[in-house]
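The values are calculated or read from the model by the stated rules, or taken from the named source; none is laboratory data. What you are looking at is a predicted structure, and each value in this text was computed from that prediction instead of being measured. Glycine gets a Cβ as well: all are built from the backbone with ideal geometry, and neighbour counts include every protein chain shown. Protein only, heavy atoms only, side chains kept; ligands, DNA and RNA dropped before computing areas. Shrake-Rupley method; radii C 1.70, N 1.55, O 1.52, S 1.80 Å.
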Amino acid sequence: MKKILTSIVVVFISITFIVNCGGEKKAPTKEAPAKKEVKKVADLANGEKVFNKVCVACHLTGVAGAPAVTDKARWEENAAKGFDVLYKSVLNGVPKGKYGVMPPRGTCTDCSDKDLYDAVHFILKKAGVTAKE
């Protein structure tokens, strides 16, 4: 049973990567460091769009150890580290986390730093959690 569940998770994650890697290719751009580009005001409507486009694949139900948006305790644990730590883990990824892995940029190669900033704020709000900025 464990092998079947593991196979299902691997297939789901593989499909998620394939879907997010396809589509229109943009030329790589040099972005300013996150602190300079990102405004301190989150656009929650944009964050919801990004969540529904990318983050939902893992964070809706908690695939591969990701905290589900409904898992307030896990989000409180993450939020306790502070927003900057949480945001940097989205930008850079977490290769060996306590519960699993977080791919860099959540696999969203066409998301700007601001898009990801907005998405983190949206997820925290949806989970009912606040992180110190």
Where 132, 126, 114 fall by accessible area, highest first, once all protein chains stay in place (1.4 Å) = 132, 126, 114
request  = Compare 133, 77, 48 by solvent-accessible area with a 1.4 Å probe and give them largest first, with all protein chains kept in place.
outcome  = 133, 48, 77
inquiry  = Can you give me the solvent accessible area of residue 55 with a 1.4 Å probe, rounded to the nearest 10 Å²?
reply    = 30
ask   = Under a 5 Å amide H to amide H cut-off, with H placed in plane at 1.01 Å, what residues pair with residue 94 once short-range neighbours are removed?
value = 102
inquiry  = Taking the full set of protein chains and a 1.4 angstrom probe, give the accessible area of residue 85 in square angstrom, rounded to the nearest 10.
reply    = 80
ask   = Roughly what would the spin-label model give for residue 99 and residue 68, points 7 Å off Cα along C-beta, in nm?
value = 1.1
